[in-house]
Amino acid sequence: MIVHPVIELEPWRLRETRLDLEVLGQSESIFALANGHIGLRANLDEGEPQAILGTYLNGCYELHPLPYAEAGYGYPESGQTVVNVTDGKIIRLLVDDEPFDVRYGTLLGHERELDLRAGVLRRRVEWRSPTGQAVRVSSTRLVSFAQRAVAAILYEVEPLDGSASVVLQSELVANEPPPSRGRDPRQAVTLNAPLRSEWFTHRDAHALLVHVTRESGLRVAAAMDHLVQGPEGTESRSESEPDLARLTVAAVLERGQCLRLVKFLAYGWSAQRSLPAVRDQVEGALAMARHRGWEGLLADQRAYLDGFWRRADVEIEGDPELQHAVRFALFQVLQAGARAERRAIPAKGLTGPGYDGHTFWDMETFVLPVLTYTAPTAVADALRWRHSTLPMARERAQQLGLEGAAFPWRTIHGEECSGYWPAGTAAFHINADIADAVVRYQRATEDPEFEREIGLELLVETARLWRSLGHRHEEGEFEIDGVTGPDEYSALADNNVYTNLMAQQNLRAAADAAEAHPDRAAELGIDPEEIEDWRAAAEAMRIPYDERLGVHPQAEGFTRHERWDFERTRPDQYPLLLHFPYFDIYRKQVVKQADLVLALHLRGDAFTPEQKARDFAYYEALTVRDSSLSACTQAVVAAEVGHVELAYDYLGEAALMDLHDLEHNVADGVHIASLAGAWIAIVAGLGGMRDHGGELSFAPRLPAALTRLAFRITFQRRLLEVAADREQVTYRLLEGEPLRIVHDGEPLLVTTGAPVTRPALPVPDLPRPAQPPGREPARRVPRT
């Protein structure tokens, strides 16, 4: 676990009070900075020691072959892996010719803090060199939300004892050596020297490197410029070569004097633009960064985050650790998508190379719902990226013998990159997940231009896929056979309930959107017969139900499978995927992550309260949570069916997934979807928020440990605050026209300046459902 005595949690800061090299990789991910376009892992300024060096540009990837022991028709031929691009974080320090390295000399003090309101990473170090010279080093790093292509570092060094000769080496470094790859399939493919130099130059305190990826042919530019302040006699010079640019600053410092370096960085990449165009792009970004200056960049960062927190903050009283964890989660979700601007949001954001930097279905299902209600412009951009990949999705559908568009299970650029088709290509539910995100965004924003130009086509092409993938059974029901649902411990099943219900919603939404925009629908070749066919398929959709057990099977026949032998499974054999063959797992009743339970949340309108309670209890006993995507959904449904304390336990797991390194792989990057899930577990779980049919409803219930919960959401150009304590629930409209909502089934009209209050809802006293032995969530005990 990464949370140990060196980590302190404060309401708005994550503080590391000393350096522990045993968890360096975890710290590099936890303290990473990003804005959705640029990502900087929290590598030490001096570059060493390190676990995984990482500087990432969203969408910048390299190609590599996907080997198969036995190839087959329709198998993807090429994989895509995120590239560690030119590293501009490095600032090396020499004190009296001794390199500053925390592994040598004496580390007198080392502290780092991630400031969630200022949007910066601060570091303060006191170090005595092997020759006895002591210095204080301070650095502040930011990745700008206001200027998408810009990052900056303030670096200061001062002697603590007497006169010291100090040299700083500020660098751009390309083709840094990659980390060795382990056996975990979630780790990234190793890329050796993926960048080929195309241009390098330097002048004064400025330098620029341009490279091209060797296989994918993407052009990447990185530039740096500096402001140097030091005592009289301070000197500097610059140099460059194909994979290295450096500014060297030398000064003699007396006690009380300081050498101050501001480093401005700019990044850009393109698959199409020329070398001059990409070069000039980063030069322009760098010029604006210098124009704003360090203080201006800080002010812009704070202003951006002030606006975000005003719209999105969550307040929790009674559990300080959870309060911090949820704000950390929101900050990381924002970093992953705020300035992605028509790029995907990867599963690890831009904090590490895990999952090869790919985006999956969890972008639409977990991350975009949070951003829909807190930063909706980021959602529009993400869905515009999906829309831009429609040509590749149509081509993939044709290759599979289907109509419409088949979006990839995992990708960076838009092509399918999963070499394991039972859990990749067969997971067609991603198409309905995209449609679900479109519908949610449209209802929450009422964006007519988006609906007409982007949303409609996404809904139509995914609906066409479902109509061609499914078929009418002789008894008249519409069935979808041989697909894989969200649970990756089951594959190639018939009539997966989640998939069928989400496809049903997709078909209906496409029909509604086509009828709302008949002229645009005609341009897409839609006629009334096709619309009616979609509605008929949705109406006839088969939803299996086990009358004997009184529950919905996850898919046809699932409840007839042999149960997994949980009693004979040792704790060290989880996750199962690393210790048992998929053939054995697929034949048993064992659930990796919420599947049917996810349907209870997202399509809760399709179930009765009694069905939800029985289904939840049944699948609790089967779900092992070998995925970080499960706890938040289990929290949501647990709260709805009355198990509020269990929901609180699952909320803690989702929120602390990375801070506690529960999956033991946070060194590869944080889990953006689980972090988003912390917000979902609070707002949809404890807050009871649902948006079925565009109707915003709430049913807040608090666990015993919490005395107050408040959150804000943006909905249809309004800003609504929901605050609940032990006695009452209060709804405040902070901005916008009057808003109709529902509180525990009661319609309410909320207006600005006139809060509406209702008594708190009772928490039922129910027996706690059973989980597989050894897989129970940890009981949540508030930590200060």
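The values are calculated or read from the model by the stated rules, or taken from the named source; none is laboratory data. All values reported here derive from a predicted model rather than from experimental measurement. Here the Cβ is made from the backbone with ideal geometry for all residues, glycine too, and neighbour counts use every protein chain on show. Surface accessibility is based on the protein's heavy atoms, side chains included, excluding ligands, DNA and RNA. Shrake-Rupley method; radii C 1.70, N 1.55, O 1.52, S 1.80 Å.
Structure values in brief
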item	result
Residue in the stretch 743-754 that is open to solvent by less than 60 Å² (accessible area, probe 1.4 Å) and on the phi > 0 side of the Ramachandran plot present	no
Subset of the stretch 71-87 that is among the hydrophobic types (A, V, I, L, M, F, W, C) and open to solvent by less than 10 Å² (accessible area, probe 1.4 Å) - its residue that is nearest to Ser197 (Cα to Cα)	Val85
Selection status of Leu458, more than 22 Å from Gln634 (Cα to Cα) and assigned to a helix (DSSP H, G or I)	yes
Residue check, Glu415 closer than 19 Å to Arg342 by Cα and outside any loop (DSSP other than H, G, I, E, B)	no
Any hit, the stretch 706-715, residues being surrounded by fewer than 23 Cβ atoms within 10 Å (Cβ to Cβ), more than 26 Å from the chain's Cα centre (by Cα), assigned to a strand (DSSP E or B) and not aliphatic (A, V, I, L, M)	yes
Failed condition for Gln80, given (1) closer than 30 Å to Gly419 by Cβ; (2) in contact with a Phe, Trp or Tyr (Cβ under 6 Å, 6 or more places away or on another chain); (3) outside any strand (DSSP E or B)	(3)
Whichever residue in the stretch 537-584 is without any contact (Cβ under 8 Å) to a residue 24 or more places away in the chain and of a type in the set (A, V, I, L, M, F, W, C) and, among such residues, is farthest from Arg520 (Cα to Cα)	Phe580
In the stretch 502-538, residue surrounded by the fewest Cβ atoms within 10 Å (Cβ to Cβ) [restricted to those that are under 34 Å from the mean Cα position of the chain (by Cα) and outside any helix (DSSP H, G or I)]	Leu524
Unmet criterion (only one of (1) farther than 26 Å from Thr17 by Cα; (2) of a type outside the set (S, T, N, Q); (3) surrounded by fewer than 20 Cβ atoms within 10 Å (Cβ to Cβ)) for Arg124	(1)
Scan of the stretch 423-448 for residues that are of a type in the set (Ser, Thr, Tyr) and part of a loop (DSSP other than H, G, I, E, B), ordered by number	Thr425
Residues located in the stretch 96-120, provided they are among the charged types (D, E, K, R) and touching a residue at least 60 places away in the same chain (Cβ under 8 Å)	Asp96, Asp97, Arg103, Glu111, Arg112, Glu113, Asp115, Arg117
Subset tally (residues that are modelled with pLDDT of 85 or more and touching a His at 6+ places or on another chain (Cβ under 8 Å)) for the stretch 176-206	6
Check on Ala599, modelled with pLDDT of 95 or more and either within 20 Å of Leu334 (Cβ to Cβ) or surrounded by fewer than 20 Cβ atoms within 10 Å (Cβ to Cβ) (or both)	no
Single residue of Arg768, Arg780 found to be over 23 Å from Gly307 (Cα atoms), assigned to a loop (DSSP other than H, G, I, E, B) and open to solvent by less than 80 Å² (accessible area, probe 1.4 Å)	Arg780
Hits in the stretch 613-628 - residues which are among the aliphatic types (A, V, I, L, M) and open to solvent by 20 Å² or more (accessible area, probe 1.4 Å)	Ala613, Ala617, Ala621
Any chance Ile7 is touching a strand residue (DSSP E or B) at 6+ places or on another chain (Cβ under 7 Å) and crowded, with 22+ Cβ neighbours inside 10 Å	no
Those residues of the stretch 143-172 which are open to solvent by less than 40 Å² (accessible area, probe 1.4 Å) and closer than 16 Å to Arg124 by Cα, in sequence order	Ile153, Leu154, Tyr155, Val157, Pro159, Leu160
Residue satisfying condition, being open to solvent by less than 20 Å² (accessible area, probe 1.4 Å) and farther than 22 Å from Ala437 by Cβ, within set Ala760, Ala724, Ala681	Ala724
Residue tally, condition in a loop (DSSP other than H, G, I, E, B), within 24 Å of Tyr56 (Cα to Cα) and open to solvent by 30 Å² or more (accessible area, probe 1.4 Å), over the stretch 358-410	1
Cβ pairs under 9 Å, 6+ apart, first in the stretch 488-503 and at positive phi, second open to solvent by 10 Å² or more (accessible area, probe 1.4 Å) and assigned to a helix (DSSP H, G or I)	Leu492/Tyr586
Matching entry among Tyr267, Tyr304 (being among the hydroxyl-bearing types (Ser, Thr, Tyr), under 25 Å from the mean Cα position of the chain (by Cα) and open to solvent by 50 Å² or more (accessible area, probe 1.4 Å))	Tyr304
Near pairs, Cβ below 9 angstrom, 6+ apart or cross-chain, from the stretch 692-711 (more than 19 Å from Val742 (Cβ to Cβ) and among the polar types (S, T, N, Q)) to any residue that is open to solvent by 30 Å² or more (accessible area, probe 1.4 Å) and at pLDDT 95 or above	Thr707/Glu317; Thr707/Gly318; Thr707/Asp725
Any hit, the stretch 378-400, residues being closer than 20 Å to Asn665 by Cα and either touching a Leu at 6+ places or on another chain (Cβ under 7 Å) or touching a residue at least 60 places away in the same chain (Cβ under 8 Å) (or both)	no
Strands (runs of 3 or more DSSP E) lying entirely in the stretch 184-260 (those with 3 or more residues that are in contact with a helix residue (DSSP H, G or I) (Cβ under 8 Å, 6 or more places away or on another chain) and crowded, with 17+ Cβ neighbours inside 10 Å)	206-213, 219-229
Checking Ile434 against (1) open to solvent by less than 20 Å² (accessible area, probe 1.4 Å); (2) within 20 Å of Ala491 (Cβ to Cβ), the condition it does not meet	(2)
Residues satisfying the stated conditions in the stretch 726-747, i.e. within 23 Å of Ile316 (Cα to Cα) and free of Cβ contacts under 8 Å to residues at least 40 places away in the same chain	Arg726, Glu727, Gln728, Val729, Thr730, Tyr731, Arg732, Leu733, Leu734, Glu735
